[in-house]
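This report refers to the structure that appears directly beneath it.
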Amino acid sequence: MEQARDIEKTSVFFDSELKPGKFLKRPNRFLAEVLIDTGVVLAHIADPGRLKELLVPNTQVFLLPKSGENRKTKWQLLLVQSNDTLVSLNSTLPNELVYKALKGRKIDEFAEYDLIKPEYKVGSSRFDFALAKKEDRSTCKKKNIPSCLLEVKSVTLVEDSLALFPDAPTKRGTKHLKELIELKKEGIDTAVLFVVQRDDANAVKANRKTDLEFALTLKQAYESGVSLFAYKTRLDLEKITLKESLTVIID
């Protein structure tokens, strides 16, 4: 297996200054009650995972102020403190971070691609990114297929320095893996990139005890030639930064 290596840093900065608070409870999977300096507020959780290891009562969290006529809350629960580590609970941040890194050719494994299209539809499914090389553009356009299809997975659960995905059963994630396997058989390069939204992981592995079907399908994908990559990130109160690559363990 390749050794983890550093990459040139790519960061996404948060829109506003974060507000510290204490997590109280989670009325449903998309809402949290948080105590801040002005009282108890509701905050949106942009991560549908279980997060039970992270969202423990009285845990330090950080809220991002949000505005909009159709919003039900004025806050988003963005970060949670897990021991000495900040963890992002925004499941869309990895895609934003990866898109910026792809555009800047900062990820070695995908540096050869100069055309990046997010949210690319193939059949009835939508994949996070379609990638193409400059010399393949005309062929890709004519056949309406990219050189490579990339799916990004957000990882927040870490146990004993091992990042585990998923933290809740994911039929959608398994479906995407099966589709990537079939597309690989058709001659399209396919890949999965796990983005660990914290910096205390040394490797990534499928969470067999939570979703055995996903774990078995991930192994099948690997054996079928679907490329598997992982990177961890570092968080502070201003930004998320892409760090070094991690090994994806297959068992």
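The values are calculated or read from the model by the stated rules, or taken from the named source; none is laboratory data. Being a predicted model, the structure only gives us computed values, none of them experimental. Note that we place each Cβ from the backbone using ideal geometry, even for glycine, and neighbour counts take in every protein chain shown.
Quick one: residue 41 ticks every box in (1) over 28 Å from residue 110 (Cα atoms); (2) in the same structural domain as residue 196 (by TED's automatic domain parsing); (3) of a type in the set (A, V, I, L, M) except a single one, so which number is it?
Of the numbered conditions (1) over 28 Å from residue 110 (Cα atoms); (2) in the same structural domain as residue 196 (by TED's automatic domain parsing); (3) of a type in the set (A, V, I, L, M), the odd one out for residue 41 is (2).
Restricting attention to strands (runs of 3 or more DSSP E) lying wholly within region 28-88, give those where 3 or more residues are crowded, with 21+ Cβ neighbours inside 10 Å and touching a residue at least 40 places away in the same chain (Cβ under 8 Å).
Correct list: 60-65, 75-82, 85-88.
Can you tell which of 151, 159, 119 is over 26 Å from residue 212 (Cα atoms), under 18 Å from the mean Cα position of the chain (by Cα) and of a type in the set (Asp, Glu)?
Going through 151, 159, 119 in turn, just one is over 26 Å from residue 212 (Cα atoms), under 18 Å from the mean Cα position of the chain (by Cα) and of a type in the set (Asp, Glu): 119.
For region 191-251, which strands (runs of 3 or more DSSP E) that fit wholly inside it have 2 or more residues that are small (Gly, Ala, Ser)?
The qualifying strands (runs of 3 or more DSSP E) are 203-206, 227-235.
Can you pull out every residue in region 180-209 that is of a type in the set (Val, Ile, Thr) and either surrounded by fewer than 18 Cβ atoms within 10 Å (Cβ to Cβ) or modelled with pLDDT under 95 (or both)?
188 - this is the single residue of region 180-209 that is of a type in the set (Val, Ile, Thr) and either surrounded by fewer than 18 Cβ atoms within 10 Å (Cβ to Cβ) or modelled with pLDDT under 95 (or both).
Out of region 103-122, which residues are without any contact (Cβ under 8 Å) to a residue 12 or more places away in the chain and not in a strand (DSSP E or B)?
105, 111
The rows are residues; the columns are (1) more than 27 Å from residue 29 (Cα to Cα); (2) at pLDDT below 95; (3) in contact with a helix residue (DSSP H, G or I) (Cβ under 9 Å, 6 or more places away or on another chain).
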{"site": "88", "(1), (2), (3)": "no, no, yes"}
{"site": "95", "(1), (2), (3)": "no, no, no"}
{"site": "103", "(1), (2), (3)": "yes, yes, no"}
{"site": "110", "(1), (2), (3)": "yes, yes, yes"}
{"site": "115", "(1), (2), (3)": "yes, yes, yes"}
{"site": "126", "(1), (2), (3)": "no, yes, no"}
{"site": "136", "(1), (2), (3)": "yes, yes, no"}
{"site": "141", "(1), (2), (3)": "yes, yes, no"}
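Scan region 226-239 and tell me whether some residue there is without any contact (Cβ under 8 Å) to a residue 40 or more places away in the chain, more than 30 Å from residue 17 (Cβ to Cβ) and basic (Lys, Arg).
no
Answer yes or no: is there a residue in region 14-25 that is more than 22 Å from residue 239 (Cα to Cα) and touching a helix residue (DSSP H, G or I) at 6+ places or on another chain (Cβ under 9 Å).
Within region 14-25, none of the residues are more than 22 Å from residue 239 (Cα to Cα) and touching a helix residue (DSSP H, G or I) at 6+ places or on another chain (Cβ under 9 Å).
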